[in-house]
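What follows is calculated from the coordinates using simple rules that are stated; it is not laboratory data. The shown structure was predicted, so the numbers you read here are calculated from the model rather than taken from an experiment. Cβ sites come from the backbone with ideal geometry, for glycine too, and all protein chains shown count toward neighbours.
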Amino acid sequence: MNGATVLYQGRETEVGPAGIEGDELWLAKRELAASSGWELKPEGVCKDETCVPVPEARRSALIRDANSDSLLNLTEFARMIEQPFAHDENNAVWYFGPPAWEWKDRLASRQAPDFSLPDLSGQIHTLSELRGNKVFLLFWASW
Amino acid sequence: MDARGQDAAEPFITAAKQRHPSLIDQQMLVAELYDARNVPAAFWIDETGRMLRANDPIYAQRRNRETGEVSLNREYLDAVRDWVANGEASAYVLDLERIKSRMPALEFEDVLAAAHFHLGTFLALHGHASDALVQFKSAHALRPENWTYKRQAWSLGDIERDYGTTFQEALKDPASGPFYPPLDLG
């Protein structure tokens with residue numbers, strides 16, 4: 001059995017097949033960190049400055065101890081943090097979108113969301129570097 | 001924004017010989033950030049980074065495919081000139097509430113639709129056309145009014161074979177809402 005592809009907020013990682021259980025994806029420490037950046041710590045599921053506490057009632061659905069390692073159910077964790085995901089069983093691909101704190105309360109102020117994108121030559125342009133200029137932003141596509 | 005990225009964009013950028021930067025949003029993440037549900041979609045951002053207009057479905061210049069006739073949208077171009085001349089005092093600047101109404105708060109269904117759309121795109125670009133279709137159809141069912149999800153998906157397949165419709169029929173689907181809402185300069 002082949003492994004799975006995890007597409008996690010812009011990151012693409014191949015993981016082993018061991019943790020695939022239908023729609024659910026269980027990942028051990030090393031693969032969890034490599035694919036999603038999350039780590040299991042005593043205070044909860046953590047990444048950088050963010051720690052999500054694990055409620056006792058959900059612990060068994062989220063965390064499993066095996067062979068001196070701990071596994072996190074990444075899909076169940078996504079449900080807990082209101083992070084959308086989509087799964088393609090045929091090719092074992094999971095796509096994870098942003099957690100609730102990144103997509104809720106969009107546009108609380110007038111501030112235009114900042115972004116950086118490349119042009120044809122690969123040069124990166126950042127909206128906030130255009131301060132002092134009016135910016136006309138137009139989206140188009142080939143289709 | 002284009003799932004085929006530079007390959008899709010380059011011929012247009014080269015032909016247009018633009019003097020302004022043309023950026024490539026292959027993951028369509030900025031399109032999502034700005035809620036661009038169709039193209040074209042235009043935004044005004046002032047010198048301090050504040051948004052003054054959002055999501056205008058606007059062609060400044062349009063060429064009729066059959067007659068070749070080029071028409072200018074003078075009303076909109078005059079509005080842009082008015083903003084350039086008058087800045088924040090322009091009558092065309094929208095207040096925050098109106099901008100928010102053009103970029104409504106996201107529901108879980110919006111971000112779930114996006115997840116299906118992005119997975120569909122990944123599968124399509126990796127040669128899994130029929131699996132991609134499943135994901136695209138989920139995205140379309142969740143957010144039928146998002147033309148970006150439809151048009152990009154159609155361009156990666158065949159609208160008649162894969163979706164059992166035509167572009168003209170799809171335009172009339174009441175679930176989708178208007179293809180281009182009327183330009184509201186008020």
In cubic angstrom per residue, the convex hull of the stretch B:39-104 built on its Cα atoms measures 96 Å³
Enter the mean projected area of the convex hull around the alpha-carbon atoms of chain B, in nm², rounded to one decimal. 12.1 nm²
Using a 10 Å cut-off on Cβ to Cβ distances, tally the other chain neighbours for every residue of B:106-115 and report the average as a whole number. 6
Principal axis dimensions, largest first and in whole angstrom, of chain A by Cα: 58, 34, 23
Hey, how many Å between the Cα centroid of the stretch A:23-82 and the Cα centroid of the stretch B:1-45? 36 Å
Dipole magnitude (debye, nearest 20) for chain B, charges at Cβ of Lys, Arg, Asp, Glu: 340 debye
Under a 10 Å cutoff between Cα atoms, tell me which one of A:Glu39, A:Glu76, A:Glu49 has the largest fluctuation in the Gaussian network model of chain A. A:Glu49
Kyte-Doolittle mean at least -0.5 and Cα extent at least 24 Å along the axis: which DSSP H helices of chain B qualify? B:108-125
In nm, the gap between the two label points placed 7 Å beyond Cα toward Cβ at A:Arg79 and A:Leu138 is 4.7 nm
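Taking a quarter of the surface of the convex hull around the Cα atoms of the stretch B:108-176, what do you get in nm²? Please list the in-between numbers first.
Working: hull surface 16.0 nm².
Result: 4.0 nm².
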Under a GNM of chain B (C-alpha, springs under 10 Å), which listed residue has the highest mean-square fluctuation: B:Ala16, B:Ala115, B:Ala170? B:Ala16
Work out the length of the dipole vector of the protein assembly as shown about its Cα centre, built from +1 on the beta-carbon of each Lys and Arg and -1 on the beta-carbon of each Asp and Glu, and round it to the nearest 20 debye. 740 debye
Of the stretch A:1-42, those with amide N under 20 Å from the point 7 Å along the Cα→Cβ vector of A:Arg106 are A:8-11
Cα-only Debye scattering, the stretch B:4-74: base-10 log of I(q)/I(0) at q = 0.16, 0.17 Å⁻¹: -0.79, -0.89
Helix-derived mean residue ellipticity, 222 nm - over chain B, DSSP H n ≥ 4, -39500 (n - 2.57), to 500: -14000 deg cm²/dmol
Just need the Rg to Rh number for the protein assembly as shown, please, alpha carbons only, Kirkwood Rh. 1.00
